[in-house]
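See below for the structure under consideration.
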Amino acid sequence: MSLLQLLPQYHTRVWGGQRLKPAQPPIGEAWIVYEHNHIAAGPLAGRTLAEAAEIEGAALLGAWAPSLPPRTPTGRRFPLLIKLLDCADWLSIQVHPNDEQAVRLEGPGHLGKTEAWHILEAEAGAQLIAGVRPGVSAEALAQAIRSGTLPDLVDYHPVQAGDTVFMPAGTLHALGPGLLLYEIQQTSDITYRVFDWNRPASAGRALHLEQSAAVTDPSARVQIQRLPPLVENDQHPLVACRYFQLDLLTAKTKTLTLDTRGESFHALTVVGGSAKVATGDESLELGRFESVIVPAKTGAYTLEPQGSALRVLRASVPNGRYQTEAAS
């Protein structure tokens, strides 16, 4: 089947900036690989990625595709949600449930949200929140969530371009101003907002204090993974878990030869330079922040830099069909 170039969905946010797409109100998120993204061209043009998954099944998703709670009679779903985030102000402090908690709090068919961030740009002094300070008890944390004093207990981390942060479900977190990043997660967007920096309350920015207290893990800690010196024309693992794998592909002068091996789709997003993606009888050029799905059945394909150093983030699903946390 053909390469699937996706049309992003842009979402305005009170904390958004102007780097993804100049607009007022500002754009905070571009959903670039998502079940409901539409396909730009080819035999499946106009259909959503979810519809393509239903039509093509394992040919698109691969032998390693997880078995997820169905939204359709076929049970086919695309297992990842990938976004770009442009943060001009603090995001709310928030937390996501795991699979079991999502079912218990939101109902059957819902998934939890484990995610990871890869920092693309960071202004001087940029930081984020991830986890709570050591020694904070569950009781003190629950009280801070309910009383609006949470910023006193959370853990602040300075970050820079190239950093990667793995964020398991249950970890309190927030992104700070001056960050532009790539976010990969389970195909779920359940968010429990805990503290919103005293912004005016609105229907779209409600707090979820009881749900947050129920799912927050006070022992959750994160480590910021610094990017080591890169070797050009290579593949660099960034993060892997039961839900997703993320690698950074770099090329300056040579063409990379890659292979899905029928195991998983490859979701490619250009984050530096521009690329030509080519299979045996098809090619496609991508600019910065453009994405394409290489179906699992494609097998070998090439990635060629177009006139400048190329950086591409490649997302896939890992070996083995994970069981949801509700069943483990």
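The values are calculated or read from the model by the stated rules, or taken from the named source; none is laboratory data. Since the model is a prediction, treat every value here as computed from it, not as a measurement. A quick note on method: Cβ atoms are made from the backbone with ideal geometry, for glycine too, and the neighbour counts reach across all protein chains shown. We work out accessible area using only protein heavy atoms, side chains counted, and drop any ligands, DNA or RNA first. Shrake-Rupley method; radii C 1.70, N 1.55, O 1.52, S 1.80 Å.
At 1.4 Å probe size, with the rest of the protein present, what percent of the exposed accessible area of the range 99-165 is carbon and sulfur atoms?
On the way: 1400 of 2840 Å².
Carbon with sulfur: 49 percent of the solvent-accessible area.
Hey, what's the chain come to in accessible area per residue, 1.4 Å probe, Å²?
On the way: 13600 Å² over 328 residues.
So the chain comes to 41 Å² accessible per residue, rounded to a whole number.
With label points built 7 Å along Cα→Cβ from the Cα atoms of Gln235 and Asn319, find their separation and express it in nm.
That separation, rounded to one decimal, is 1.3 nm.
Could you tell me the center-to-center distance, by alpha carbons, between the range 161-193 and the range 1-17 in angstrom?
Taking the Cα centre of the range 1-17 as reference, the centre of the range 161-193 is 17 Å away.
Excluding same-chain residues fewer than 8 positions from Lys254, which aspartates and glutamates have a Cα within less than 18 Å of its Cα?
Straight-distance partners of Lys254: Glu232, Asp234, Glu285, Glu304.
Any idea what the dipole of the range 268-323 comes to, in debye rounded to 20, about its Cα centre with Lys/Arg Cβ at +1 and Asp/Glu Cβ at -1?
On the way: 6 positive and 5 negative charges, 60 e Å.
That gives a dipole near 280 debye.
In nm, give the distance between the simple-model label positions of Ser147 and His11, each being 7 Å from the Cα along the Cα-to-Cβ direction.
Taking the two extended label points, one gets 3.2 nm.
Let me have the 222 nm mean residue ellipticity of the chain computed from DSSP H runs of 4+ only, each contributing -39500 (n - 2.57), with the sum over all residues rounded to the nearest 500. Please list the in-between numbers first.
Details: 5 runs with 37 residues, N = 328.
Taking each H run of at least 4 residues, the total per residue is -3000 deg cm²/dmol.
Between Lys276 and Ala138, what is the spin-label point distance in nm, taking each point 7 Å from the Cα along the Cα→C-beta axis?
Roughly 5.8 nm, to one decimal.
Of the listed pairs Lys21/Lys83; Lys113/Lys297; Lys276/Lys297; Lys252/Lys276; Lys83/Lys252, which have alpha-carbon separations greater than 21 Å here?
Working: Lys21/Lys83 14 Å; Lys113/Lys297 28 Å; Lys276/Lys297 19 Å; Lys252/Lys276 13 Å; Lys83/Lys252 25 Å.
In this structure, Lys113/Lys297; Lys83/Lys252 lie more than 21 Å apart at Cα.
Per 0.36 nm of contour for each residue apart, how much would the distance between Glu121 and Gln223 grow if the chain were fully extended, relative to their Cα-Cα spacing? Don't skip to the answer; put the middle values down first.
Values: separation 102, 0.36 × 102 = 36.72 nm, distance 1.86 nm.
Once the chain is fully extended between Glu121 and Gln223, it gains 34.9 nm.
Report the calculated FRET efficiency for Ala206 and Ala40 (r = Cβ-Cβ distance, R0 = 35 Å), to the nearest 0.05. Let's see the in-between values first.
Values: r = 35 Å, r/R0 = 0.99.
About 0.50, to the nearest 0.05.
So, R0 is 22 Å and r is the distance between the beta-carbons of Ala161 and Ser308; what FRET efficiency does that work out to, to 0.05? Could you put the intermediate results ahead of the total?
On the way: r = 17 Å, r/R0 = 0.77.
Here the calculated transfer efficiency is 0.80.
Just the number, please: carbon plus sulfur as a percent of the accessible area of the range 189-317, 1.4 Å probe, no ligands or DNA/RNA counted.
Working: 2750 of 5920 Å².
Answer for the range 189-317 is 47 percent, counting heavy atoms of protein chains only.
To the nearest 20 debye, what is the magnitude of the charge dipole of the chain about its Cα centre, counting +1 on the Cβ of each Lys and Arg and -1 on the Cβ of each Asp and Glu? Don't jump to the answer; show the numbers that get you there.
On the way: 27 positive and 33 negative charges, 20 e Å.
About 100 debye.
Under the definition of Cα pairs under 8 Å and six or more residues apart, what whole-number percent is the relative contact order of the range 114-228? Don't skip to the end; give the middle numbers.
Numbers: 204 pairs, mean separation 48.0, N = 115.
Reported as a whole number, the value is 42 percent.
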